[in-house]
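Some notes on the structure that comes next.
The values are calculated or read from the model by the stated rules, or taken from the named source; none is laboratory data. Note that the coordinates shown come from a computational prediction; the quantities given were computed from them, not determined experimentally. Virtual Cβ from ideal backbone geometry, glycine too; neighbours counted across all protein chains shown. The protein model used for the area step is the full one, side chains on, heavy atoms only, and it has no ligands, DNA or RNA in it. Shrake-Rupley method; radii C 1.70, N 1.55, O 1.52, S 1.80 Å.
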There are 2 protein chains.
Amino acid sequence: MSKGERTRAVILDQALAMTSTDGLTGLTIGTLADRLGMSKSGLFAHFGSKEMLQAAVLDRAAELFADTVVRPALQQPRGLPRVLALFENWIRWTLHPVLPGGCPIQAASIEFDDRPGPLRDHIRQHQEDLRRVIMGAVRRAVDEGHLRADLDVEQFAFEGMSLCYGFTQIYRLFQDPKAESWVRLAIQGLVERHRT
Amino acid sequence: MSKGERTRAVILDQALAMTSTDGLTGLTIGTLADRLGMSKSGLFAHFGSKEMLQAAVLDRAAELFADTVVRPALQQPRGLPRVLALFENWIRWTLHPVLPGGCPIQAASIEFDDRPGPLRDHIRQHQEDLRRVIMGAVRRAVDEGHLRADLDVEQFAFEGMSLCYGFTQIYRLFQDPKAESWVRLAIQGLVERHRT
DNA sequence: TAATAAAACGAACGGTCGTGCTATTGTCAA
DNA sequence: TTGACAATAGCACGACCGTTCGTTTTATTA
């Protein structure tokens, strides 16, 4: 790994933390450079434009989510355990955030849902990837006979994901510990309702 | 109504639209003044600081939500009809947004959940108000015998609100019309499950 | 170790940000 | 209709924005 690649990684780590609290737009090259003790222009040269920096941040955030939430869940046995692990890891991702400001992609979703361009495309792609992972796991749970055969996979995914989105929003705003048991009970109910 | 009050209202209308697409932070006094054909300083004098402008925007947004979603629902007969109207009006608020960029308060929730200060306090207050309205309606539906007596009102409110939050996020990002039937089915299921 | 390439710097650019000030215009009651 | 005051404009400020450029330092490799 060359010097440039190493520095780039360090920059992205800090940029990720900054984005999580201030948003993709709030991310600023000047203060980012300050926190890293390097010059604006030196940092800038690694990305070529602010938009490319933001895109790199999004991709890195998606990697982090995959490493923390998705990948560990995929090591669970296929079927219901894997579905449960996905939701459980997602809940833990919110309860004990790796990044100080919570999930940058969810924040960026709302920040950019009205701003066409490559950044919104990136966000859509990452969210769609997550949806496909969840739907795949649910479908396999049906195939394994853990969930009812007549289950509407898209509907199930929507409800589960909505609960996680809503939980994140409520928990982050109010820091109310009750939200944890609410979302757990809700997910549990969702699964229980469609069990064979 | 004095000239000043009238101008202030016009400013807030435009500010609301701008906030809905660009966020509370993206709201800018210069471009806001440009769109209204007035000077920065003239506009500025109405609010004294950007933070007070932002707070006024939040309060106006809450009024708009109350006029569009809550107030019409409160005219439905108490009990289940009122609960259903609350969720239905909320869904319609997302499907046919009064403001071009969707609900500014939901956006501000995520934007400011990590930034302590009077603005976050405002946001918390408005979100808490909504939660109390919904819980009150649900509780009355229990009292009227429309919903089961052993229903956990807080849990019910969390699930219903999460579905609406999640729906907004998904629908605004992807503009997928399928999301509409997903959320309707989910809300319907939630209610059906707790009916007497 | 010398030659070459990559990386980082410092200074400056045109813009825009929020915010003061002073002066001018407009409104509205006596 | 005039006098008092509210409303708006104009201008300037310091700070920060993303970006460019030429130079200097540091890595890499022949």
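Ranking A:Met1, A:Met161, B:Met52 by solvent-accessible area of protein heavy atoms (1.4 Å probe, all protein chains present), from largest to smallest, gives A:Met1, B:Met52, A:Met161.
State which helices in chain A qualify, where a helix is a whole DSSP H run, it must extend 24 Å or more along its own axis by its Cα atoms, and its mean Kyte-Doolittle hydropathy must be at least -0.5.
Details: long enough: A:3-26 (28 Å, -0.18); A:118-143 (37 Å, -0.83); A:153-174 (31 Å, 0.47); A:178-194 (25 Å, -0.27).
Qualifying helices, which must be both long enough and hydrophobic enough, are A:3-26, A:153-174, A:178-194.
Taking every Cα-Cα distance in region A:1-111 and sorting them into 5 Å bins starting at zero, the pair-distance distribution P(r) comes out as 2, 12, 21, 20, 16, 12, 8, 5, 3, 1, 0 percent. Ascending distances from the A:Pro97 label point to its copies in the other chains, with the point 7 Å along the Cα-to-beta-carbon line: 2.2 nm. Positive end of the charge dipole of chain A (Lys, Arg +1 and Asp, Glu -1 on Cβ, about the Cα centre): tell me which of A:Ile170, A:Val83, A:Gly189 has its Cα farthest that way. Farthest towards the positive end: A:Val83. Across identical copies of the chain, B:Gly42 has label-point separations of 4.8 nm, listed in ascending order, with the point defined 7 angstrom from Cα along Cα→Cβ.
Over all pairs of distinct alpha carbons, what does the Kirkwood formula give as the hydrodynamic radius of region B:82-149, in Å?
On the way: mean 1/r = 0.0726 Å⁻¹.
Evaluated on region B:82-149, it is 13.8 Å.
Taking A:Arg148 in one copy and the same position in all the others, each labelled 7 Å out along Cα→Cβ, what are the pairwise distances from the first, in nm, shortest first? Counterpart label points of A:Arg148 in the remaining copies fall at 1.6 nm. Three semi-axes describe the equivalent ellipsoid of the protein assembly as shown; taken as square roots of 5 times the Cα gyration tensor eigenvalues and ordered largest first, they are 35, 32, 16 Å.
For B:Lys40, go through the lysines and keep the ones whose alpha-carbon is under 17 Å away, minus same-chain ones fewer than eight residues off. Candidates past the 8-residue exclusion: B:Lys50. In this Cβ point-charge picture (+1 for Lys and Arg, -1 for Asp and Glu), the protein assembly as shown has a dipole of about 120 debye about its Cα centre. Normalised by 2.2 N^0.38 Å, where N counts its residues, the alpha-carbon radius of gyration of chain A equals 1.14.
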